[in-house]
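The values are calculated or read from the model by the stated rules, or taken from the named source; none is laboratory data. Please read all numbers here as calculations on a predicted model, not as lab measurements. Don't worry about glycine lacking a Cβ; one is built from the backbone with ideal geometry, like all the others, and counts go over all protein chains shown.
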Amino acid sequence: MTTTTRTLKTIPLVRAFIDRWPMVIALAISWDFWQTPLVPPVWTLVLCQAAYLLWGWRTPRVQLLVFSLYTVLAAAVIMVSPHTGVLLIALGWGAHAVWDLVHHIRNAVVPRWWSEFCGVFDLVICVTILLKWF
């Protein structure tokens, strides 16, 4: 390791980027949401949770329960007023960010880098929807 590399790694900001690279990538990818917020279709939430069904095959009951909750949320979004539907979608993304945090803390089901990336990305979607529409 060169002296320059060792020196760079001692700078707190550089160290933070190295340690939190999934968060940095999630923020970079989600930058457009801050510029032009949009409400992703509710089926994207169900699709995200379906990925956890595949990853979480070791804990299928828990993953199936959460998948069922997101399916019920999707049905509710279709049945309520558009304003309430947007709020439910935002809350769904926020809940998914919390679900990612649970996986990150427990270091279970998905790799830690994925739960960090996905949690930050989901939180950005939730916050930008709430800021734009409420």
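Annotations for the structure displayed:
- Selection from segment 81-104 of residues that are under 16 Å from residue 52 (Cα atoms) and aliphatic (A, V, I, L, M): 95, 97, 98, 101, 102
- Qualifying residue in segment 115-123 (condition: within 16 Å of residue 51 (Cα to Cα), of a type in the set (D, E, K, R) and in a helix (DSSP H, G or I)): yes
- Residues that are of a type in the set (Gly, Ala, Ser) and modelled with pLDDT of 85 or more within segment 24-53 comprise 26, 28, 30, 50, listed in sequence order.
- Verdict on residue 77 being assigned to a helix (DSSP H, G or I), closer than 30 Å to residue 132 by Cβ and modelled with pLDDT under 90: no
- Of all the residues in segment 12-23, those that are at pLDDT below 90, in a helix (DSSP H, G or I) and closer than 15 Å to residue 121 by Cβ number 1.
- Cβ-Cβ under 8 Å pairs, at least 6 apart or on other chains, segment 25-42 side hydroxyl-bearing (Ser, Thr, Tyr), far side loosely packed, with under 15 Cβ neighbours inside 10 Å and in a helix (DSSP H, G or I): none
- Residue within segment 41-55 that is of a type in the set (Val, Ile, Thr), in a helix (DSSP H, G or I) and either touching a helix residue (DSSP H, G or I) at 6+ places or on another chain (Cβ under 6 Å) or on the phi > 0 side of the Ramachandran plot (or both) present: yes
- If you go through segment 63-108 and pick out every residue that is over 15 Å from the mean Cα position of the chain (by Cα), surrounded by 14 or more Cβ atoms within 10 Å (Cβ to Cβ) and among the β-branched types (Val, Ile, Thr), you end up with 3.
- Residue in segment 45-57 that is among the small types (Gly, Ala, Ser), exposed (fewer than 13 other Cβ atoms within 10 Å of the Cβ) and more than 24 Å from residue 30 (Cα to Cα) present: no
- Some residue of segment 19-29 being small (Gly, Ala, Ser), closer than 30 Å to residue 7 by Cβ and surrounded by 18 or more Cβ atoms within 10 Å (Cβ to Cβ): yes
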